[in-house]
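*Asks:* Take this structure first; my questions come after.
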Amino acid sequence: MSDHSRTIIHLDIDCFYAQVEMVKNPALKHQPLGIQQKTIVVTSNYVARQFGIKKCMPIPEAKKLCPDLVLVKGEDLYEYRQVSQQVTDLLSQYSQFVERLGLDENFVDISELVAKRMGDADYSNLEGFVYGDVNSFDCDCGCHERLVIGSVIAQQMRNSVLEKLQLTTCAGIAHNKILAKIVGSLHKPNKQTVIFPNSAPELMISLGNVGKIPWVGHATKELLLSIDITTVAELQNCSKSQLEKVFGKEKAENILNLSFGTDESLVKLKEKPQSYGLEDSGKPLVTEQQVKEKFKEFSKRLLKLLIEDGRVPKVIKVSLRRHNPALPMGDPKETRQCLFNVDLSNETQIVAMAMSLFWKAVDKKQPFKIGVLGLGFSKLVEKPSGKRTLFEFLHGNNADRATKSDKLQESSHSFQTNCQCPPGVDKGVFAELPLEVQQELWDDYKRKEDGLKDAKKAKKSGTLLNFVVRGKMQ
């Protein structure tokens, strides 16, 4: 028998983007509202859905179904991310184990809180809907009581989100993640449903197609189809040995368990992202100015996220896909990256770095048509605490930085200035210096090399280059 000891809540924010816009502008609450990204309606409120508006519907089709559809642009996700984090923060008051899925979903493991409330709870006070026949439930492990308490806590969570953020939510309550996620979608919007362990097989069979099982992706679905399995019932009746021939022992066991609603996976604490990026696949870009304006737009939006994050990136990356009418997806995506070594507040230099990387992929002398353009920052690290002297910055952890820098420069196109790393200066350190400092080092070296200053005068002048080379030799 599977473990019933946990109590898991899956909380999903109703039509999230649309609700955020309706909170900002209450006049939209009773109007058909669609959130527009490029030429599609990515989501809509429930008023619009009554007209047949669906997710990712082309705008002309949506307007035909609902001429009065109000469209709000939702391409900038900054505000949605902020509200999403506020919801997660509220849920974290009930448990330290909160796992975000995208911007509008959260798993919460409330097992510890349930255990604390077990002694004085009213087990007849179940909140919300129940899936399946509760009267046939005969497990004596205490999961019935735990899930009843879980339903009460789920209602309290949803009340808190509604009161403090004006957002309605739906929730599923179960002893594991997969059942909580599935059962929570049965009654929407602004409702919740609990499922007891005995009803798990019935719920899973009700899904029908195996592709509706959470975490069974397209590739897995196609492999199941290759052995004539299309429904959950067929998967449940399939022998483990037959699945092992296709998926291997471990994955076969996992897929079979999921088909019965068995899921031992933990609610994971979400770590900070290691990268931030944006892409645009709108009207093809054909001029340098259009590309530069797009990079300016990207950098403004990304800098908001980086400043809010509090860390600094080590790498900047540009991605692009050339427009090709003969190929539905365009030409293969190309990327160029380099070490990021400018101040985050200097938007001009950031755009200059992005343009330099762009020209590494695109011939400036030839016409171009870019169908997809992207900008991203990665390898985020904490800001150094306190101020470091120039010597400490240049010489601390040289070997480690040099190795990482050499590897990065071998696999990417570094941002080019009219300077190079002078002899005697650590390449790894040089690559991390701000551009103006790199230039000063190079200018010092060139002045010496060109014989503009004799060795004695250069030594007395106390140039930055002498400082770096002397410090390296000490």
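The values are calculated or read from the model by the stated rules, or taken from the named source; none is laboratory data. Just so it is clear, the structure is predicted and the values come from calculations on it, not from any experiment. For neighbour counting, all protein chains shown are included, and Cβ atoms are generated from backbone atoms with ideal geometry for every residue, glycine included. What goes into the accessible areas is simple: the full protein's heavy atoms, side chains included, and nothing from ligands, DNA or RNA. Shrake-Rupley method; radii C 1.70, N 1.55, O 1.52, S 1.80 Å.
*Asks:* Within the set of other residues whose C-beta is less than 9 Å from the C-beta of Ser378, count the net charge using Lys and Arg as +1 and Asp and Glu as -1.
*Replies:* On the way: positive: Lys314, Lys317, Lys379; negative: none.
Charge balance in the 9 Å sphere: +3.
*Asks:* By average Cβ neighbour count within 10 Å, what is the ranking of 171-177, 66-72 from highest down?
*Replies:* 171-177, 66-72
*Asks:* Can you work out the accessible area per residue across region 93-193, with the rest of the protein chains kept in place, probe 1.4 Å, in square angstrom?
*Replies:* 44 Å²
*Asks:* Oh, and also: Just add up the charged neighbours of Ile8: K/R +1, D/E -1, any other residue whose Cβ is under 13 Å from the Cβ of Ile8.
*Replies:* So the surrounding residues net to -2.
*Asks:* Aspartates and glutamates within cross-link reach of Lys446: Cα-Cα under 13 Å, excluding same-chain residues under 8 positions apart?
*Replies:* Within the straight-line limit of under 13 Å, Lys446 reaches these aspartates and glutamates: Asp454.
*Asks:* State in Å² the accessible area per residue of region 231-333; use a 1.4 Å probe, count heavy atoms of protein chains only, and round to the nearest integer. Working shown, then result.
*Replies:* Working: 5960 Å² over 103 residues.
Result: 58 Å² of accessible area for each residue.
*Asks:* Gap in Å between the Cα centre of region 165-214 and the Cα centre of region 253-283?
*Replies:* 17 Å
*Asks:* To continue, here is another question. Would region 236-341 count as rounded, prolate or oblate if I go by the C-alpha gyration tensor, calling it rounded below 1.5 in a/c and otherwise prolate when a/b exceeds b/c, oblate otherwise?
*Replies:* Taking the square roots of the gyration eigenvalues as a ≥ b ≥ c, region 236-341 is oblate.
*Asks:* Which of rounded, prolate or oblate describes region 17-75 when judged by the alpha-carbon gyration tensor and an a/c cut-off of 1.5? Kindly include the intermediate steps, with their values, before the conclusion.
*Replies:* On the way: a/c = 1.91, a/b = 1.28, b/c = 1.50.
Here region 17-75 falls in the oblate category.
*Asks:* Compute the Rg to Rh ratio over region 37-119 from the alpha carbon atoms, using the Kirkwood formula for Rh, and round to two decimal places.
*Replies:* 1.18
*Asks:* What distance in nm separates the two pseudo spin-label positions at Glu145 and Glu79, each 7 Å out from Cα along the beta-carbon direction?
*Replies:* 4.8 nm
*Asks:* Consider all pairwise Cα distances in region 1-139 and report the whole-number % of them above 26 Å.
*Replies:* Percent of Cα pairs beyond 26 Å in region 1-139: 43.
*Asks:* Over region 12-91, give the accessible area per residue in Å² for a 1.4 Å probe, as an integer. Let's see the in-between values first.
*Replies:* Values: 3980 Å² over 80 residues.
Heavy-atom accessible area per residue stands at 50 Å².
*Asks:* Using a probe of 1.4 angstrom, how much of the accessible area of region 38-96 is carbon and sulfur, in percent?
*Replies:* Carbon and sulfur: 54 percent of the exposed surface of region 38-96.
*Asks:* Now, a different point. Considering only protein heavy atoms and a probe of 1.4 Å, how much of the accessible area of region 105-244 is carbon and sulfur, as a whole percent?
*Replies:* Working: 3040 of 6230 Å².
The computed percentage sits at 49.
*Asks:* If I compute solvent accessible area with a 1.4 Å probe over the protein chains, what percent of it on region 246-390 is carbon and sulfur?
*Replies:* Whole-percent figure for carbon plus sulfur exposure: 53.
*Asks:* Mind running the shape call on region 257-319? Use the C-alpha gyration tensor, a ≥ b ≥ c as the square roots of the eigenvalues: rounded below 1.5 for a/c, prolate if a/b tops b/c, oblate otherwise.
*Replies:* Oblate, since a/c reaches 1.5 and b/c is not below a/b.
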